[in-house]
Each structure stands twice: as structure tokens, then as C-alpha cells.
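Before any comments, here is the structure.
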Amino acid sequence: MENKTKIKDHMDLFEEKSFQETFQKKKVYENAPSEKEVEETLMWTKTEEYKKLNFERKAVVINPLKACQPLGSLYAAIGFEKTLPYVHGSQGCAAYFRSHFVRHFKEPFPATCDSMTEDAAVFGGHNNMYVGLENSYKLYKPDMFAICTSCMAEVIGDDLNNFIKNAREKGSIPEDLPVTYAHTPSFVGSHITGYDNMLVNILSQMGEVKEEKKDRINIIVGFDTYTENFQEIKRICNLFDIDYILLSDPSDVLNSPTDGDYRMFYGGTPLSDLKDAPNSKSTILLQKYSLQKTAALIEKEWNQKLKIINPVGIKGSDELTMAISELTGKDVPAELEKERGQFIDAIGDSYYWVHGKSFSLNGDPDQVYGLTRFVMELGGDIKHVLVTNGNKKWKKEMEELLEEFPQGRDAAVYHNKDMWHFRSLLFTEPSDYIIGNSYAKYLTQDTGIPLIRIGFPLFDRHHLHRYSTIGYKGGINVLNWIVNTILDETDRKTIGTRSFDLIR
Amino acid sequence: MSSRTKEELENLIEETIDIYPEKTKKDRKKHIQVMGVEGDQKCTSMVSNKKTKPGVMTMRGCAYAGSKGVVWGPVKDVINISHGPVGCGQFSWGARRNYVNGTTGIDTFPMQVTSDFQEKDIVFGGDKKLSIIIDELETLFPLSKGIVIQSECPVGLIGDDIEAVAKKKKEEYKKPIIPVRCEGFRGVSQSLGHHLANDSIRDHIYEKDVKGTSIKETSYNVALIGDYNIGGDAWASRKILQDMGLNVIGQSTGDSTINEIANTSKAKLILVHCYRSMNYIARYIEEKYGVPWLEFNFFGPTQIYKSMRKIAERFDNNIKEKTEYLINNVYKEKTDQITDKFKVRLEHKKIMLVVGGLRPRHTIPAFNDLGADVVLAGYEFAHGDDYQRTEEYLKHATLIVDDMTEHEMDKFLKTYKPDMFGSGIKEKYQTQKAGIAFRQMHSWDYSGPYHGVDGYAVFARDIDMTVNGHVWKNITPPWKSCSTETCEGPNCNCANDK
């Protein structure tokens, strides 16, 4: 018998009258503020007065746009061949980092930890590390460990270098097994600092500097969670037909096939390439603020020519193309020139819908920089640009960029504010659109301003990380997200009116 | 496939733990047992709630996760400060689906509020900062009914006196300001965090005489605790209790307020859903206020009706009659319809479950209602009393695993090839890569509710769509053959001769 019961889940069920009555009954026991009080307070939080109070706070951080160092460390680590990320610290940290990434990528994110507890707080975490490395090695046989720390180990002052040396002596791991490590205290910087710290340590601990340079470039993408960007940069290098090394490439391990056989390790930068990376002639960094120490290492210790390019939008993609050409002496491939034309073509089709609309952006410093420039290239006006983990240098660079375009003249830049500040800004000086990560949907909920989802993490939309955002091809994806969100909103706004056009 | 014998299972255990270094092997052996064998020794010998061996890729989290994430997080009218560096609060922000009614940032506060410790806070201590934070929160969120300070690891290591700050500020603002020492390095899992959060409720609500509002005295007043309202679970449960004629005067901690928590001690009976995380407060209230408590299970019709009758037993004939009427004349038709619809699709399906400290045992009967069979169950952070409570639900020799490691999970998935594995987000995609259907049994995989009669329908629908998803028949390309064990037979898309 096919029954007629319609199954209602949380989205419909609680709208039913019986549940609405239940909620009313429950209120009697909640001792909740009256509806009037709630309404008045809500209205007050939208005022200039509230904004002023909100911006006056010195200590509390509410809805920040940053996570802690070890998160970034794990991301740098997982991009190397058969490398096991390992967290020296409490086990909850590792659980959080893993679940955070897993929710974004919808992929497994392997990492072990050494589960430090109270006794380690008293005696140090060395025993945890000896047993932890032994167990991890026995179970997973990685070709390399990449160890970072979470706060507990940093507060008690554990010495990774010594612990690892002792672990080898004790036979927990083979004498010659590469074990890279970085101290990544959560109370310094953010996840992008952690990415930098882990990467610079992997590079300096594994790199074998030789006299002679090879006719080859290194490329480092940075803390970029659009995994397709790693594939895209490889494709661009292949179009140029150049010799290159991509340092930290998580795009395979975070895009492994479902074929009935789970593999923990998959792809990644070969360790032989990692070792030889110092001997390339030059390096291109696709992020700046997540690679500051890495940049210094490459320039000063590896003596390489360094270019830092933000490869988003027209100018960014052009700079990337020219940088590769310049560093390798190769002409820009015809195929790439065609792709540029296709990108410009697409912008020509769409920019009318972006021009004159206003945008507020938040996210990580590098990502926000590139997107802001691209939005202005499309003719969009910038209202607010806000990050939590920026520095004054970033703010200055951002302001210089905004000066370059008429669309940027009215914008305000915030380098160390959070999304509760952002909420106030969007109430007092609203923009037409927000560009940000999934958390920004709460801003949409509060202010009604539609969100264009670009950034990290993206928990509530699927597969966006499978698209590239860099270069001419990636630019079309970003354009697609921006313009089609605007068109979706335009339909929503005009539904039932004469302006509900078939062709736009 | 018929269920495995005790001997087969014991061999499987040996085979699985063989890879570990000697000490770890010895340790893990104590955490994996065959249970549910008639006449066999009871599960009292299961070793649980012990430290995880370093380096094994555990599913477990920490005490902070247990206190902030589980127990205190859902209390909607208090502000939880994640006190320490930024990460913990960020990673636990909005991730649990403990639904609330209210206006975020105005009268409910499911936000990421953190003291964002910097190096100077570690060196000079964070107490002064904490004090300023409380002032700032009072200014920006005047309708909050309290503040809870959730300690992250550094707080306990640098010797901060958050209790002193809380005490001072509580006097200043005349509202509960509650410090919880739930640093992540304490204990062995989330479980200690539950306990510490319960203790802080005891010390700062009941012992400090947060009175709660006055409640109309009736003999039908009950309090519902240990329900976190995942996808609306507590609301679905509450509806049944109301239909039975009971007044739910407090709900903890899903969609709860501090007032409702205070109300709990005024109930005639406390109903405990998640025993693991809130038994502590139930025991305390029983001792201090003489209010009895009762465990119940609202997953699947068998247990729902059993629990309803068990609850009704504690009340007068009026309630008992109402309950019988409700079961026989209202609910049964609904649940039978669901069972009829889905049982044909789920009969004899093999389920593997590894979840927190309650749900594996609580959901086994619901799976059974749908004709499915739980072949392996495990807990992340259960204690001995949870394993004892598991025994009654097992119909045959079943492998029970405590604090399962990633390696064991991989091995058991390969061996059992279950039709579905139910566990957490970290386990989800690895399982799917292995070609096995998966459902998150912490967050209900963004669905729910699963509790109660309304929840059973959603549960059945979801388990069906998980187990019978067409995609799982397409793991092997048509030009390749499945191994005999994995082959779905006539349903399989592979090149096997069927």
C-alpha cells in the first residue's frame, strides 16, 4: 500500500500549528524578554549609536573571520606526497581541524595527533610524541611527517626538535624518515600564519640547496581552498611548456575518486621535487600575506628571483601570464591568449549587471584583495572591505588599490575587525551585495543583503571548491558566481512585476 | 548474511589489532569485545573512558567540545565566551544544529564570542581581558540572561583565576556569570566536558539559588533533560509528552533558557534522554530536591511506546489512559504506515554505528523497527554504565568497540561491508570513498528531527535514502567486475555475470 503520508522534516514540520502552539506554551517557562523588548533592542542594534558602541570594544571578538595557526599548517602539510599531518597537542584540536576541512571540502582529511592530557601538562608532551609517532608510523607508513603544535604544547614550551631527535633514538620512527615540524601557537596570527609557518619549515628542513640553479620555476599557491586552482596553475604551466614545481599541492588528496577503495595518500608534491626546490631559478607566489616567511626564505636563503602575484581578475591574470613568460623566457602561448579573449568576452557580456551595484567584501587578506580588484574591473562599487587577520601593510595596499578605481573611492577598509562590526556597517551604510564565506549568511539573515559565496569555509554549498578562481578560466567562474547571483536576485526582486524579464 | 559467530568475531579482533605496536595492541584489545551472546559474560569487562593512545587518529574531541559544544552551547539566552585563542570557538560555531527559536544576537546567542588570546594574554594572563569582555558583552547584548566562560587549554596552564573574575562580575551585573574549567587537555574525551558543565550548572544555578520563575504547581509537571534539539529533536519529544497530558516546565539544554534549567528542580519527574551527558545533574537534583528521574528512549515506535508507558506508569490513571489512547488511536497508525512503507526497503540491511555515548544503543531498536540489523556498534566516549545499558538492545553476537580508531574503522568497513555506516563528519567521506553509504548520526546529516513519532518518519526516510541510494550501485565501472563480496548482484552496474 502506497500511503499518502507526506514526511515533513524540520523545514516544514515546525511550521505546523501544533508546534507553533508548543513554542508558545514553552515561552511561559522560558522567562524570555517580551516581543516588544526584543523588537526595540533589534532596532537599536541597527543604529549609529550601536555601531559606535560596537566599534569601541577593545577586548571581545564576535564572529571573526579567522581560525588558528595549526589549521593552516595542516593544509600546507597535506599537499606533499605521502605526508601525514600530525598535531602535537590536545586531541580536540585535531578533531576540530579535521571536521572544519571535511565540512568544507566534503572529503576526508587525515591527520593524527598525540592526545596530550593533564599529565603531559605537568611532565611535558615528549612521551605522547614518542608513542604517537610510533603508532602513526606503524599504521600509515608515511614518507614524511609534518608536525605542528596546538596551544597546549606551546604554552608548556615543548621542544619539537628535541622530541623528534629522541623519538628517532628510541626507535619510534626510522632514523632516516623525514620529519618536518613547525611551532604554530594558536595565540599568534591566524590560519594563514600557520600555513606560512608550516610551509617555510617544510621547505627549509627538506630543501637541499645546491650551487647551480635549474631552468625551472617554483609555484606556491598558498592557503587557497579552491583545489581546482592547483590544477589550473599546472595547466597554465603546461601550456607554457615549462619545467616547474608546485610546492604543496593538495588537489589530488582532496579530490580522490570514490571507487570502493579509500586511499589516505593521493598525489601531492613529490618529496624529490620538494628537496630540489631551492635549486629552481625563480618562484612565483600566488598569495602574499599567507606566505611572508616563505617569501623571505626563497629570496634570501635560496637566492631566487621572486614574484608575488594575486592572480584573480583581468590584471591579476595578466600579471601571472607575464610573470611566467618573463621568468622562463617563453612567449605567451596562443591558447592562453585565446583564453584571455574569451574571458574578456565574457566580461563584456555581463558587466552591465555588475556596474553600479555596490559590494561589501570579507574574508582572508589575499583573497579579498584579488576579489575587490576584480569587482572594480567589472564596474562594481566597493563599500566595505573587512578582514580579521590583516595587518597595516595590507590595509595600506588595499587603500592604494581602491584609489586606482573610481569605484573604490568611497570604500572603507578594516584590517582587524570581525563580522559583528560588519553587521553594524551593513545596517548603517548598506551595500547591494556581500561577498564572503558561509558564515556571512548570518549577515544576510540579519540585513537582507544577498550573499555571493566566495571564500573559506563554504559549508552550505556543494562543489564550489572544485572550480578555479585564478587566471582567465578561473575568472569566468568568479564572474559566473557574481553575475548569476545578481540575476537570481533580480528575478526574486521582480517576480510578479512587469520587469520579470525572460531575457537578461 | 547470517550474523557472525563469537569465534569469528574474536578472530576478527585479533586480525584487526595485529598491526599495532605491542603496548597499543594490548590496550586496544581491552576496548573491543563481542557482546550480546546469551549466557556469556556481561559487558562489565569492557574498558572505557580511558586515554586514547597517541597517534591512532581517534574520532574523539575534548572537554571544551563537551562543555561548550554539547551542554552549554544550546542554552540560548546565555552568551558562551570561548575563552582562549580563536580556533576552538570558530570550529564549534554553528556546527551542531541544536535548533533554537529566537533572534540571534538579541535574545539568543548562537554566535562565536571569543577572547581571541594573543601572546600577551598568555604571558600576562587573561583575567583583565575577561573582565573587559564581560563589560562589553553587557553593553552590546543587554537582553542576555547570563554569561558562561568556556576555558580553552591555555587558561588552565597559565594560572588565570576566572572564578574570581566571574564572581566579581556576577555581583556587579546581578546575573549568572559562570566559569567552566573545561580546558581541552582535561580528561580523555568530550565526556569530562559534559560532567564539568553539569557541575557548573549545579554550582551556579541550583547551589546559588537561581530561582527560576514561579511555576503553577501540578502533579503533571515534568522536565526534559539531555535532549539537545538536534534538527528539532526536543520539540518532537516535547510534543509527545504534552499530548500525554504532561506539562514540560523545563527543557535542557536544547532550545533551553537558564530559567528552564532552574525550573528542572521543580518538576515531579525528570525525564533523561541522553543519560551520558546529563545523568550527573539528574542525580544531583534527586539528592538535593528529591525529584526522581527516569531514562527514556524516543527513537523508533517500539521504544517510543515502551517509554511512553514507562513514563505514564509514574502518573495517575488519567495520564495512563490518555497514553494508551494516544498510542493505539493516534500514533500507531502513523508509525505503522512508516514501517510498512520502509521496512520492505530496509529488511536485513546491515548497519554499523559509532557515535558519542548514547545513540548507538538508543537507535538499534529503531533500526530493528525498520527491519535493519546493527552488526557493529561503538561509542566514542561511553563509560561502563553505557556498555551495561547496551546489553539489552543486542539480539545476537555483536562487535562492540570503544573509541574506535581510524584503522579499525577501515578494517571493519572492509570486513562487514555494511549497507550503511552511521558516525560523524570526519568519518563520512572516507566511508563513501570505500563505496559504503553513510549517515552522520551526530547532526542527522542536516536533517531531523529523529526523536518521537514525527522524527521516526524522517529517520526512516533518511535511512532509506542512504542505504538505497542509486549511486552506491555504481561504484564499479560497468567494464570492470566487482569482487564477489562487494557485488550488489542484479542491482549492480558492474560487469559481473549475473
In segment B:107-120, what residues are surrounded by fewer than 24 Cβ atoms within 10 Å (Cβ to Cβ), facing another protein chain (nearest Cβ under 7 Å) and more than 30 Å from A:E30 (Cα to Cα)?
B:Q118, B:E119
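When residues of segment B:289-324 are filtered for being of a type in the set (K, R) and touching a helix residue (DSSP H, G or I) at 6+ places or on another chain (Cβ under 6 Å), how many remain?
First, the residues of segment B:289-324 that are of a type in the set (K, R): B:306, B:309-310, B:314, B:320, B:322.
From what is left, the residues that are touching a helix residue (DSSP H, G or I) at 6+ places or on another chain (Cβ under 6 Å) are B:320.
Qualifying residue count, segment B:289-324: 1.
Identify the residue in segment A:36-82 that is free of Cβ contacts under 8 Å to residues at least 60 places away in the same chain and in a loop (DSSP other than H, G, I, E, B) and, among all such residues, is farthest from the other protein chains (Cβ to nearest Cβ).
Once the filter is applied, the top-ranked residue is A:K58.
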Filter result for B:G245 (out of contact with any Lys or Arg (no Cβ under 7 Å at 6 or more places or on another chain), in the same structural domain as B:F299 (by TED's automatic domain parsing) and not basic (K, R)):
no
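Determine if segment A:386-406 includes at least one residue that is within 14 Å of chain B (Cβ to nearest Cβ), of a type in the set (S, T, N, Q) and without any contact (Cβ under 8 Å) to a residue 40 or more places away in the chain. Steps first, answer last, please.
Filtering segment A:386-406 for residues within 14 Å of chain B (Cβ to nearest Cβ) gives A:387-389, A:391.
From what is left, the residues that are of a type in the set (S, T, N, Q) are A:388-389, A:391.
Those still in the list that are without any contact (Cβ under 8 Å) to a residue 40 or more places away in the chain too: none.
No, because not a single residue in segment A:386-406 is within 14 Å of chain B (Cβ to nearest Cβ), of a type in the set (S, T, N, Q) and without any contact (Cβ under 8 Å) to a residue 40 or more places away in the chain.
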Give all pairs with beta carbons closer than 6 Å in which a residue from segment B:133-148 that is over 22 Å from B:D255 (Cβ atoms) meets a residue that is among the aromatic types (F, W, Y) and part of a helix (DSSP H, G or I); count only pairs at least 6 apart in sequence or on separate chains.
B:E138/B:Y173
Could you tell me how many of the residues in segment B:145-168 are within 13 Å of chain A (Cβ to nearest Cβ) and more than 23 Å from B:G61 (Cα to Cα)?
6
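Which one of these is over 27 Å from the mean Cα position of the chain (by Cα), hydrophobic (A, V, I, L, M, F, W, C), outside any loop (DSSP other than H, G, I, E, B) and surrounded by fewer than 24 Cβ atoms within 10 Å (Cβ to Cβ): A:I173, A:I164?
Values: A:I173 fails: outside any loop (DSSP other than H, G, I, E, B).
A:I164 is the lone residue from the list that is over 27 Å from the mean Cα position of the chain (by Cα), hydrophobic (A, V, I, L, M, F, W, C), outside any loop (DSSP other than H, G, I, E, B) and surrounded by fewer than 24 Cβ atoms within 10 Å (Cβ to Cβ).
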What residue, among those in segment B:125-151 that are more than 32 Å from the chain's Cα centre (by Cα) and among the basic types (K, R), is nearest to B:D107 (Cα to Cα)?
B:K129
Give segment A:242-266 a look and list any residue that's away from chain B (no Cβ under 14 Å) and out of contact with any Lys or Arg (no Cβ under 7 Å at 6 or more places or on another chain), or say none.
A:L247, A:S248, A:D249, A:P250, A:S251
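Can you say whether A:S150 is under 24 Å from A:D364 (Cβ atoms) and not hydrophobic (A, V, I, L, M, F, W, C), as far as the supplied structure shows? Break it down into steps so the answer makes sense when it comes.
Details: under 24 Å from A:D364 (Cβ atoms): yes; not hydrophobic (A, V, I, L, M, F, W, C): yes.
Yes; evaluated as a whole, the condition is true for this residue.
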Considering residues that are assigned to a loop (DSSP other than H, G, I, E, B) and surrounded by fewer than 22 Cβ atoms within 10 Å (Cβ to Cβ), the number found within segment A:433-457 is 4
Wholly inside segment A:303-404, strands (runs of 3 or more DSSP E) that include 2 or more residues that are in contact with a Gly (Cβ under 8 Å, 6 or more places away or on another chain) are A:358-362, A:381-386
Would you mention how many residues in segment B:448-474 are more than 10 Å from every other protein chain (Cβ to nearest Cβ) and either free of Cβ contacts under 8 Å to residues at least 12 places away in the same chain or assigned to a loop (DSSP other than H, G, I, E, B) (or both)?
5
I'd like to check something: does segment A:428-444 contain any residue that is free of Cβ contacts under 8 Å to residues at least 60 places away in the same chain, over 17 Å from A:H384 (Cα atoms) and not hydroxyl-bearing (S, T, Y)?
no
Of all residues in segment B:344-366, which are in a helix (DSSP H, G or I) and touching a helix residue (DSSP H, G or I) at 6+ places or on another chain (Cβ under 8 Å)?
B:R345, B:L346, B:P360, B:R361, B:H362, B:T363, B:I364, B:P365, B:A366
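I'd like the residue in segment B:55-83 that is outside any loop (DSSP other than H, G, I, E, B) and within 7 Å of another protein chain (Cβ to nearest Cβ) and, out of all such residues, is surrounded by the most Cβ atoms within 10 Å (Cβ to Cβ). Outline the logic, then answer.
Quick first cut of segment B:55-83, residues outside any loop (DSSP other than H, G, I, E, B) only: B:58, B:63-72, B:75, B:78-83.
Subset that is within 7 Å of another protein chain (Cβ to nearest Cβ): B:58, B:64-65.
Working: B:T58: 24, B:Y64: 34, B:A65: 29.
If we take residues in segment B:55-83 being outside any loop (DSSP other than H, G, I, E, B) and within 7 Å of another protein chain (Cβ to nearest Cβ), then B:Y64 is surrounded by the most Cβ atoms within 10 Å (Cβ to Cβ).
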Which residue is farthest from the other protein chains (Cβ to nearest Cβ), if the candidates are limited to segment B:233-274 and must be in a loop (DSSP other than H, G, I, E, B) and aliphatic (A, V, I, L, M)?
B:M244
Kindly indicate which of A:K214, A:K138 is within 25 Å of A:Q292 (Cα to Cα), over 29 Å from the mean Cα position of the chain (by Cα) and not small (G, A, S).
A:K214
Within segment B:152-161, residues being within 30 Å of the chain's Cα centre (by Cα) and charged (D, E, K, R) number 1
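Inspect all residues belonging to segment A:107-118 and state whether any of them is part of a helix (DSSP H, G or I) and either within 8 Å of another protein chain (Cβ to nearest Cβ) or among the β-branched types (V, I, T) (or both). Break it down into steps so the answer makes sense when it comes.
First, pick out the residues of segment A:107-118 that are part of a helix (DSSP H, G or I): A:118.
With the extra rule that they be either within 8 Å of another protein chain (Cβ to nearest Cβ) or among the β-branched types (V, I, T) (or both), the set shrinks to A:118.
The answer is yes, given that some residue of segment A:107-118 is part of a helix (DSSP H, G or I) and either within 8 Å of another protein chain (Cβ to nearest Cβ) or among the β-branched types (V, I, T) (or both).
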Could you tell me whether A:F105 is surrounded by fewer than 24 Cβ atoms within 10 Å (Cβ to Cβ) and within 30 Å of B:K433 (Cα to Cα)?
yes
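Residues being of a type in the set (F, W, Y) and either in the same structural domain as B:I281 (by TED's automatic domain parsing) or over 19 Å from B:V148 (Cα atoms) (or both): count how many of those fall in segment B:65-98.
So in segment B:65-98, the residues of a type in the set (F, W, Y) come out as B:72, B:91, B:93.
Right, trim to either in the same structural domain as B:I281 (by TED's automatic domain parsing) or over 19 Å from B:V148 (Cα atoms) (or both) and you get none.
Qualifying residue count, segment B:65-98: 0.
Condition test on A:E134, is it at the interface with chain B (Cβ under 7 Å from one of its Cβ atoms), within 20 Å of B:R186 (Cα to Cα), surrounded by fewer than 24 Cβ atoms within 10 Å (Cβ to Cβ) and among the acidic types (D, E)? Outline the logic, then answer.
On the way: at the interface with chain B (Cβ under 7 Å from one of its Cβ atoms): yes; within 20 Å of B:R186 (Cα to Cα): no; surrounded by fewer than 24 Cβ atoms within 10 Å (Cβ to Cβ): yes; among the acidic types (D, E): yes.
The answer is no for A:E134.
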When every residue in segment A:137-156 that is facing another protein chain (nearest Cβ under 7 Å) and not basic (K, R) is compared, the one farthest from B:G89 (Cα to Cα) is A:L139
Has segment B:158-179 got at least one residue that is part of a loop (DSSP other than H, G, I, E, B) and free of Cβ contacts under 8 Å to residues at least 24 places away in the same chain?
yes
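Every residue, every condition in (1) under 21 Å from the mean Cα position of the chain (by Cα); (2) of a type outside the set (S, T, N, Q); (3) assigned by TED's automatic domain parsing to the domain that holds B:G36; (4) at pLDDT 95 or above, yes or no:
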site: B:D340; (1), (2), (3), (4): no, yes, yes, yes
site: B:V344; (1), (2), (3), (4): no, yes, yes, yes
site: B:K349; (1), (2), (3), (4): no, yes, yes, yes
site: B:M352; (1), (2), (3), (4): yes, yes, yes, yes
site: B:G356; (1), (2), (3), (4): yes, yes, yes, yes
site: B:T363; (1), (2), (3), (4): yes, no, yes, yes
site: B:A382; (1), (2), (3), (4): yes, yes, yes, yes
site: B:E391; (1), (2), (3), (4): yes, yes, yes, no
site: B:L394; (1), (2), (3), (4): yes, yes, yes, no
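If the requirement is being facing another protein chain (nearest Cβ under 9 Å) and either in contact with a Gly (Cβ under 9 Å, 6 or more places away or on another chain) or at pLDDT below 95 (or both), which of these qualifies: B:S189, B:S214? First the steps, then the outcome.
On the way: B:S214 fails: facing another protein chain (nearest Cβ under 9 Å).
When all the criteria are applied, what remains is B:S189.
The values are calculated or read from the model by the stated rules, or taken from the named source; none is laboratory data. Source: prediction; values computed, not measured. So basically every Cβ, Gly included, is an ideal-geometry build from the backbone, and we count neighbours across all protein chains shown.
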